[in-house]
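A short worksheet on the structure shown next.
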Amino acid sequence: MSDTAPPPKPAPRKPGPKPATPERLERVALFHLERFASSAENLRRVLMRRVRKSVEAQGTDPAAGAQMVEALIQRFVKSGLLDDKTYAEARAARLHRRGASARMIAASLAEKGIDRDLIGDTLVETDDEAGTSARPGGDLAAAAALARRRRLGPYRPADKRAEFRQKDLGTLARAGFTRVIALRVLGAEDPEALQALVEEG
């Protein structure tokens, strides 16, 4: 009997990325849009990552890949599959309901490639739909929503509020709210007083 065992078989190699073709890129784009809402720029980034992987693994032409992506984006915009305005409004409304400040909403939209002018218009429309004033009231309502969700300030037991005041201020500041807004939210005596403060703007 020999002490040498046969060498272990190497693990089968996973095939590398396939070449970026118009058909493959379209399948990737449609799959992405089925799962996620997306702006045109965000989808462009997703597809360009595929193109870069194809260039590295298969040696395909990056300029040709970029042209395929651009043609696909233009086709999707023209057909209505991609609509930055609708995407921005939906994302801003969702973030506002969750208690995001105007700064956080603007940063999130900019990160997704939304145009600066469209971001400004979207913030105003979000406030109008929420029934709040152009921005300070909107931020107050969003900060109140965050306080309710995270159990900050007036949502804490009265005997714990002073102990957690600095922590609550920090939480609201990290969420993008000004010190004035944070102090107004945390200064409310109870949830009903905070709600009244939001309603008066």
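Of the residues making up the stretch 189-201, those that are without any contact (Cβ under 8 Å) to a residue 40 or more places away in the chain and either assigned to a helix (DSSP H, G or I) or crowded, with 20+ Cβ neighbours inside 10 Å (or both) are Glu192, Ala193, Ala196, Glu199, Glu200. Just name the residue that is farthest from Val185 (Cα to Cα) out of those in the stretch 77-101 that are without any contact (Cβ under 8 Å) to a residue 12 or more places away in the chain and surrounded by 14 or more Cβ atoms within 10 Å (Cβ to Cβ). The qualifying residue farthest from Val185 (Cα to Cα) is Asp83. Here the condition is being surrounded by fewer than 18 Cβ atoms within 10 Å (Cβ to Cβ), at pLDDT 95 or above, of a type outside the set (Gly, Ala, Ser) and not assigned by TED's automatic domain parsing to the domain that holds Val198; of Gln74, Gln58, it holds for Gln74 alone. In the stretch 85-93, is there at least one residue being within 25 Å of Leu123 (Cα to Cα) and β-branched (Val, Ile, Thr)? Within the stretch 85-93 (the criterion being within 25 Å of Leu123 (Cα to Cα) and β-branched (Val, Ile, Thr)), the answer is yes, since at least one residue qualifies. Pairs linking a residue in the stretch 108-121 that is more than 19 Å from Ala175 (Cβ to Cβ) to a residue that is not in a helix (DSSP H, G or I), with Cβ atoms under 6 Å and 6 or more positions apart or on different chains, are Gly113/Ser39; Ile114/Ser39.
Ser39 - would you say it is surrounded by 13 or more Cβ atoms within 10 Å (Cβ to Cβ) and either hydroxyl-bearing (Ser, Thr, Tyr) or at positive phi (or both)? It is true that Ser39 is surrounded by 13 or more Cβ atoms within 10 Å (Cβ to Cβ) and either hydroxyl-bearing (Ser, Thr, Tyr) or at positive phi (or both). Selection of the stretch 15-34 for residues being more than 19 Å from Gln67 (Cβ to Cβ) and touching a residue at least 40 places away in the same chain (Cβ under 8 Å) yields Gly16, Leu33.
The values are calculated or read from the model by the stated rules, or taken from the named source; none is laboratory data. Given the structure is predicted, the values throughout are model-derived calculations rather than measurements. As a convention, Cβ positions derive from the backbone with ideal geometry for all residues, glycine included, and neighbour counts pool all protein chains shown.
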